[in-house]
Structures are given as C-alpha cells and as structure tokens.
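What follows is a single structure, written as structure tokens, with notes after it.
Just so you know, all these numbers are worked out from the coordinates, no wet-lab data involved. Predicted model, so just to flag it, every value in this text is computed and none were measured. Heads up, the Cβs are rebuilt from the backbone with ideal geometry, glycines too, and the neighbour counts pull from every protein chain shown.
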Amino acid sequence: MHHIKLIWIFFRIGMLNEMAYRVNFYVQLLQSVLNLGTAIAGLAIVFAHTDTLGGWQAVDILALLGVFMFVGGVIRLVIHPSMSQFMEDVRLGTFDYTLTKPCDAQFLASISQIRLWRLTDVFLGLGVLIAALIYKGLGIGPREAFAFAFALCTGGAIIYSFWLMLATLTFWFLRIENILVIFQSMYEAGRWPIGIYPIWLRYILTFLVPVAFAITVPAEVLSGRLTPESLITSGLLCAFLLFFSRWFWKRGIKNYAGASA
Amino acid sequence: MRHYSAIYWAFLKISLLNQFQYRAAMSIWMIGRILEPIIYLTVWSTVAQARGGHVGAYSPADFAAYYIVLMIVNQFTFSWIMHIYDFRIRQGELSNLLLKPIHPIHSDIAENIAYKLMTAVIIFPTAISLFFLFEPHLTFHIQTCATFLLALGIAFFMRFFIEWALSLVAFWTTRNEAINQMYFTLGLFLSGRIAPIDLLPGPIQLLADALPFRWAIAFPVELMLGRLSQDQIVNGFAMQTLWLLAGFVMIKLIWRVGVKKYSAVGS
C-alpha cells in the first residue's frame, strides 16, 4: 500500500513537471502519430506483396505492433528516464540522497522519473491492439486473456530486470550511459515476429536482449499460436531475472562510495 | 587549393583524435544502423520465400545483396548534423565557429569524413560477415565498382549539403525536432530503406523520383547490384548533380539570410 502511494506521488511530481512544458505534449503526440503512421505504412507495403509473414497474418502483426508500442511506451514513460537519472546520480554522487531515504533504494531509483507525455505511445499502442482484436472478431476467451496478461507482465518484468542490470553496471564503470542505446537499437527488431529472423539473431533477441518475451510471446497468445512451453519459459526466466538483478543491485550498492560526497 | 587541403588535414586529425576517445560509444550507436537493414532483409526474404522465391524482380539472395550494400551506402552518406544544429544555435555555440576565418561547413565535413574513416573498421567486417551469413547474389565488375564509388561520393556531398541547409532552419525556429522527424520519416520510405523502390506503390515511386532521398541511397545501391540500364544510370547521375547543386545553392542563400538573423540566443 505504502509503495502504491509512493508511485502515485512520483506520478504527480512527473505530471507537475510536464505541465510546465505543455507544447511538448503536441510535439510528442506528433511524433507518436508519425511513428504509428510509419509502422502501418510499412506493414501495408509488405502485405501488398504477401498474405502471411512467417505464418502471421496482417492483423496478427498489427496486434504485435500494438504490443510493441505499448511496451516501448512504458519503457520510455518510466524505465528509461529513471534508469538514466539513476546512472547520472551515481556518477555525480547525488545517489546518496536516494540511499538515505527510508525506503528501498531499488524501488525509488526505478520510479524516480516519470515522463508523462510518453503516455501517448502507451495509449496509441493499446488502441492499435484493441483495433486489431476487434478486426479479428474478438475471438479471445478468458483463458487467452489470462495468458496474455501473464505473458505481458512476465515479459515486462524481464525487460525491467534487464534494464536494471545494465544500469547497475554503472557502479563499476561510471560513464556508460551509452549502454542503454544497445537496448533501444535492438528493441526495433521487436516490431516483427522474432520467428522470422535467422537463428543467431533469434538467440540474441531472446536471451541477450530479451525483446522476444516482452513482445512476440504476448502477441503469440492473441494470434492463437502460443505453446505452453514459451509461457513457462517466460515465467521461469522472469523469476530468475528478478532475483538475479536484485542480487546484482545489492552487489553494486556495496561498491558505491559516493563519488563526490 | 593547397591552403584548403592543409586546413582539412588539420581538421581531420583533430576529429580523429577526438572521436577515438569515444570509440566504444560510437560502436554502440552503430548497432541501429547495422540492425535495420538486417531486419528488412529478413522480412523481405521471408516474403519472397512465401511467394515461392520472388517478390517483383528480387529473390532472397537479391534482397541480401540489396540490403548489405544499402547498409554500406547509408553508413557512408549519413550525417548527424540535423540533430545538433538547433542546439548549436540555441546555445550560442555557433558564435565560436563564426569567429574562425573559414566557413563552418568545412569543419563539419572533415568531422564527418573522420567518423566514416573510424567506423570503416566496423562496417566492412560486418558487411563481410553478413556476406557469409546471408549468401547474397552480388558480382563485382571493375566498371560497376568505379561508377558505384562515384555515385557514393556525390551522394555523400549531396546528402550532406541538403541536410546542412535544412538544419539552418533553426535560425528561425530554434527547435527542429518536428521538421527533422518528418524528414527522417520521408527518408525511410523514399530512399529505399523499408523496401526497394520498385516494390512501393506507383504514386510513391513518382514522389521518390522527384525528391532527393532515392538518389542518395537507392540509386548507388541499385547501381552496384547491376540492376540499372544505361539510361537509368545517366538519369541517376543527372538527378544527383541537380540535387547537389540545389543543396549548394540552398546553403548559400539560407546561410546569408540566417546569419544576419542570428543573435546567439544562449550567450
């Protein structure tokens, strides 16, 4: 309960900050709509030449695009800005202030920055997803809905743990903000089903930069091609990474000396 | 002329030393430009296989060749000037450049060339690995390679001039994100990155003919693949020259008016 209240407080601070730059909302909206238009036009060009792509129909790929935008929106809404801020804080020594607060430091560092206007991507992604489902005839029962929610949550947690581990490296190597760019670049590959890529790239996108579990697996549930194995793998990997990233974080904190303090 | 070559040599050395400090960051920033062609190469090969081997005049091996060459052309012709120019004007950084007794575009060109030299160490081994991974259909003729290099050279300056000219809009707007985003979106479709131009719908192909994007990227790529007739090659070089001149004139005009308006916002 306490944690939910804290999230709400940070959300409100984020809102107050962004309200000072209201024009940015329109810039962000323009960007999100352009991105969506680009993605749909790209799909249209590809599907003008074929009916299925690696067994996926156009509408399934549209649902995949919805998940891609939604997850990407959540990353840019809170995970990316918070992790960048955290890395900056460690470098400048201001991370002291986070450590001295009477709350778990990992939790505080993970939600410290909320870029409210990025919600445009989250909502557009949801809209695309719902549109794709309606077009498909809403053929999902409670079982699929539950499996989808499970896949999305475990996938999201996998992505979060991965970001946390990348950011935690900053305790050892101070200037590595650019490491976050690796994820952003690789994330682009997620707008198409991972299954079409050559095997080496598939491995990279599944285990090295776990885009597959966050986007392809949830979208697979909706297009009715999910195997129980991938749900189980996703669950197990999620539990392992949450645990491991937490351990890694604690190791990192021990290494923190408060550079300038 | 000797005067300029000495200046360029100095600029080049400074940029190389400077950028060598950021070699890790530079390699990381290249991942996106390497991955994008691989993504579309895979997408189109999958489509070709689903249709029994071909999309238009392209087989999977042709797509492989197309996108590997495209990766190289895009790497060598791209510039980041549009991302930084509004910052330069907003923060008053341009004032320092104006004090130097030489047009600021020269240090930008030298810096870009230095970057291309540095990253050649990454892009060529990558291209060779992709060559073995995707087995492209690509033959090398001396004559084709020579015309390709010429087209690549013109494409570099043409793209650089146009993007430099467009960045100058920041003299009036001070923030260019929206304009840049439109430019990049257009470029994605019209330069042949999402799909070879032949596979785009008819009206979009006409638009691609008229605007510069196609001539900066798709033209050198198709030239290297040997997909163009003699007439198309001549036409392509004519369009490249036209846009090169247009970019040059745009810089001259916009710069003259813009600098007068410049008031070093930040300082």
_Sum of -39500 (n - 2.57) over DSSP H runs of 4+, divided by residues of chain B (222 nm, nearest 500)_ = -25500 deg cm²/dmol
*³J(HN,Hα), Karplus 6.51/-1.76/1.60, whole Hz, each residue of segment A:101-116, x for Gly, Pro*: 6, x, 7, 4, 5, 4, 5, 4, 5, 7, 10, 5, 10, 10, 9, 4
*So which trypsin sites (Lys or Arg not before Pro) in segment A:169-261 are both in a DSSP loop and have at most 15 other Cβ atoms within 10 Å of their Cβ?*
A:Arg175, A:Arg225
*For segment B:1-121, how big is Rg over Rh, using alpha carbon atoms and the Kirkwood form of Rh?*
1.14
*Hey, fewest Cβ within 10 Å first, where do B:Ile7, B:Ile251 land in order?*
B:Ile7, B:Ile251
*Straight-line reach from B:Lys252: which lysines have a Cα under 19 Å away, not including same-chain ones fewer than 8 places off?*
B:Lys100, B:Lys260, B:Lys261
*Hull-based mean projected area of segment B:141-262, where the convex hull spans the alpha carbons, in square nanometres*: 7.9
*Could you count how many Lys pairs in chain A have their Cα atoms under 26 Å apart, skipping same-chain pairs fewer than 8 positions apart?*
4
*Using the Karplus curve 6.51 cos²θ - 1.76 cosθ + 1.60 with θ = phi - 60°, work out ³J(HN,Hα) for each residue of segment B:29-46 in order, rounded to whole Hz, and write x for Gly and Pro.*
5, 7, 3, x, 6, 7, 6, 4, x, 5, 4, 6, 4, 5, 4, 6, 5, 4
*Most mobile of A:Trp247, A:Trp163, A:Trp192 in a GNM of chain A (Cα contacts under 10 Å)*: A:Trp247
*What is the Cα coordinate range of segment A:2-255 on the first, second and third principal axes, sorted by size from largest, in whole angstrom?*
57, 42, 34
_Using a Gaussian network model on chain B with a 10 Å cutoff between Cα atoms, which of B:Ile217, B:Ile123, B:Ile105 fluctuates the most?_
B:Ile105
*Which of the helices in chain A, when you take each full DSSP H run, stretch at least 15 Å along the axis at their Cα atoms and have an average Kyte-Doolittle score of 1.6 or higher?*
A:58-74, A:119-136
_Sequence of A:Tyr97, B:Tyr262 once ranked by neighbouring C-beta atoms within 10 Å, starting from the fewest_ = A:Tyr97, B:Tyr262
*Expressed as a fraction of 2.2 N^0.38 Å, the rule-of-thumb size for a compact globular protein of N residues, what is the C-alpha radius of gyration of segment B:2-261?*
1.05
_Neighbouring partner chain Cβ atoms per residue of A:50-57, average, 10 Å criterion_ = 4
*Among the lysines, which have Cα under 16 Å from the Cα of B:Lys116 when same-chain residues fewer than 8 positions away are ignored?*
B:Lys13
*Using alpha-carbon coordinates, inclination of helix B:230-261 to the longest axis of chain B, degrees*: 20
*To one decimal place, what orientation-averaged projected area in nm² is obtained for the convex hull of the Cα set of the protein assembly as shown?*
27.3
*Note the angle between two axes, namely the Cα long axis of helix B:142-167 and the longest principal axis of the Cα atoms of chain B, as a number of degrees from 0 to 90, rounded to the nearest 10.*
40
*Pick from A:Ala41, A:Ala131, A:Ala147: which residue has the top mean-square fluctuation in a GNM of chain A where Cα pairs under 10 Å get a spring?*
A:Ala41
*25 °C / 0.890 mPa s Stokes-Einstein diffusion coefficient of segment A:141-257, Kirkwood radius on C-alpha pairs, µm²/s*: 163
*Once amide H atoms are placed 1.01 Å from N in the peptide plane, what residues at a sequence separation of 5 or more from B:Tyr58, or on another chain, have their amide H within under 5 Å of its amide H?*
none
*Could you pull the Rg and Dmax for segment B:188-229, using just the Cα atoms, both in Å?*
9.4, 25
